[in-house]
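FYI, it's all coordinate maths here, none of it is from the lab. Since this is a predicted model, take the numbers as computed values, not measurements. Here Cβ is always computed from backbone atoms with ideal geometry, including for glycine, and neighbour counts include all displayed protein chains.
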Amino acid sequence: MRINLLIALVIGGMALACWAQTAPIEIHDRISPSSNSAHNRVALTLDACSGAFDENLVLFLRRNRIPATIFVTHKWLLKNPQGLAMLKANLDLFDIEDHGENHIPAVIGAGRKVYGIAGEPDILHLRREVLVGAEAIERATGVPPHWYRGATAEYDQQASDEIRRMGYKIAGFSVNADAGATFKRSQIVAQLRHVHSGDVIIAHMNKPLSDTAEGLSAGLIEILRRGLVFVRLDDVDLTEFNGAAHAE
């Protein structure tokens, strides 16, 4: 009995150690200092997971000539032809990148979830999520994506390694502006006051009933007034850093 208990504890400890090694994490990135014209540059990235199209936000960006890197899912593309048409009409401003086929987190293993959203059962399903999303973007825009951001922006090591092996760069962030389009206007503006040169902002453009458009409109104007310049991810390189991204 004592030996069986010891074996069970050892196996359990090994399982916990294995789980800890593959626990999903957010990838936090800033613009690399080695990037051309990195000084005073910040990057705005917007996720279009599924849902609708925040036209007011895109109109604001277009009116103020603020470039953005937009991560869209195949699911969002199918639901929002009008939004896609507006993005395609402004490809000088908007870089459209891969957010997957069906907005499934990049964690691998039966029963694994991030924020209650089920991940992938195996590597093959992860590859499909990435590739079908990429193919949909290339069909829709004529431009193949080079960046990937998984649903929830969390990854386990196996998934992140595989995505990079497939030839995609993973887009992290350093400032979470809207917490999945749940923040109120004042919270979004407060978050954006923490933006400095080199930061990568994450926000959302698929929830027009949220405060994201109003909060970003106010906060991004403040950033411009501070002399910072917005760039797209296809204009820079990113460097991963340890530590928490700014989000309160």
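Between R193 and L59, the simple spin-label model (points 7 angstrom out along Cα→Cβ) gives 2.9 nm. The distance between label points at T239 and R139 comes to 4.0 nm (points 7 Å beyond Cα on the Cα→Cβ vector). Mean residue ellipticity at 222 nm, helices only, the chain: -11500 deg cm²/dmol; runs of at least 4 DSSP H residues each add -39,500 (n - 2.57), and the sum is divided by the number of residues. Entry note, the chain: relative contact order of 30 percent, from Cα contacts under 8 Å with a spacing of 6+ residues. Ordered by the count of other Cβ atoms within 10 Å of each Cβ, fewest first, H39, H125, H103 give H39, H125, H103.
Exceedance of the 20 Å cut-off in Cα-Cα distance is limited, within the set K88/K184; K79/K207; K79/K184, to K88/K184; K79/K184.
Spin-label model, T22/R164: points 7 Å from Cα along the beta carbon direction are separated by 1.8 nm. Looking at the range 26-240 alone, DSSP beta bridges between its own residues are antiparallel in about 20 percent of cases.
Set against the labelled values [x] 28, 23, 17; [y] 31, 20, 19; [z] 33, 21, 17, semi-axes √(5λ) of the Cα gyration tensor in Å computed from this structure falls on [z].
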